[in-house]
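The values are calculated or read from the model by the stated rules, or taken from the named source; none is laboratory data. As the structure is a prediction and not an experimental result, all values here were calculated from the model. Cβ: placed from backbone, ideal geometry, glycine included. Neighbour counts: every protein chain shown.
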């Protein structure tokens, strides 16, 4: 049974930004900066070996689980929500999944967390929109005896019970490194990031800047935020093309940015550059294959995020072994293996790969 609760928090204000320092060190106000070596978040890899004592959270099913994600504001968010809802419906031990939409608004998400704590569910699954802003709410939930499993994007201070994700910094770092190597270490690059202040966007942007700074013959000639929107990214890319007659590469922190740039280059009649991106959508694979562009895309796969989040939540409530960081395996997609990952039955907005049956995603609006 899935129940949707509408958050009643007021109008949006600016998102709290994740403070990222130069040289690969993420600066958090009340937390030690994670150590990053060769593009890997060493603290997360260490947490992947830390076993969490879940005995205090053991409950008799059926469970009531709250899901507080970014919301279906784009294909990635809808893929995540659809996958979680499907997996919950298939799990006999989950009696109720309470979905609280926040529409990518950090203040609504804070309000949703506070209201959900009062409802005392057995567990909260959370995709935090801000590592800093959600820290206090997660701390309060855990103090109230409600375990919190974080799905995609961390929380400052690590007050959560467990965190399932890819290494976000590594995804940004490696995709930018592949771009630089494809360019032979020289050329002019533009950057298109996600939503300003949202942690994934800022981490991916910083990771790319850290890599490209080590290539003295690569110049970042323009950098904009595309809000993980294809039309907005295309508009920003069109302006960057007009101002820069020479562009050899595009780094996109989210493949919506890559898709917008590809369309802008095509419309302008310009030769397609080399691309480095993260979190590839089905539409990016289609366009990249159609235009025969060279690219490397590191994943933050929405459906797998949902699967690992639900699996971890059930393990916590059953008292089974979980680790502090549950590392989702990375499957890197390039122009050489794109056809293996593309799903022709689903539309451009779908975040590959599929976890639920294809017809589930078609019913959710992903049919081509």
Residue that is more than 26 Å from residue 89 (Cα to Cα), in contact (Cβ under 8 Å) with a residue 12 or more places away in the chain, in contact with a strand residue (DSSP E or B) (Cβ under 8 Å, 6 or more places away or on another chain) and not in a loop (DSSP other than H, G, I, E, B), where the choices are 297, 303: 297
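If you check residue 181 against the conditions, is it in a helix (DSSP H, G or I) and in contact with a strand residue (DSSP E or B) (Cβ under 6 Å, 6 or more places away or on another chain)?
Values: in a helix (DSSP H, G or I): yes; in contact with a strand residue (DSSP E or B) (Cβ under 6 Å, 6 or more places away or on another chain): no.
Here the answer is no, as residue 181 does not meet what is asked.
In the set 360, 326, 331, 316, which member is in a strand (DSSP E or B) and either over 23 Å from residue 88 (Cβ atoms) or outside the structural domain of residue 276 (by TED's automatic domain parsing) (or both)?
Details: 360 fails: in a strand (DSSP E or B); 331 fails: in a strand (DSSP E or B); 316 fails: in a strand (DSSP E or B).
Residue meeting the stated conditions: 326.
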So which of 131, 88, 112 ends up being assigned to a loop (DSSP other than H, G, I, E, B), surrounded by 24 or more Cβ atoms within 10 Å (Cβ to Cβ) and in contact (Cβ under 8 Å) with a residue 60 or more places away in the chain? 131
Among the numbered criteria (1) closer than 22 Å to residue 366 by Cα; (2) modelled with pLDDT of 95 or more, which single criterion is violated by residue 237? (1)
Of the conditions (1) farther than 17 Å from residue 191 by Cβ; (2) surrounded by fewer than 23 Cβ atoms within 10 Å (Cβ to Cβ); (3) touching a residue at least 40 places away in the same chain (Cβ under 8 Å); (4) in contact with a helix residue (DSSP H, G or I) (Cβ under 7 Å, 6 or more places away or on another chain), residue 229 satisfies every one except a single condition; which number is it? (1)
Residue in the range 141-149 that is buried (at least 23 other Cβ atoms within 10 Å of the Cβ), at pLDDT 95 or above and assigned to a helix (DSSP H, G or I) present: yes
So residue 189 clears everything in (1) without any contact (Cβ under 8 Å) to a residue 60 or more places away in the chain; (2) crowded, with 22+ Cβ neighbours inside 10 Å; (3) not in a loop (DSSP other than H, G, I, E, B) except one condition, right? Which one? (1)
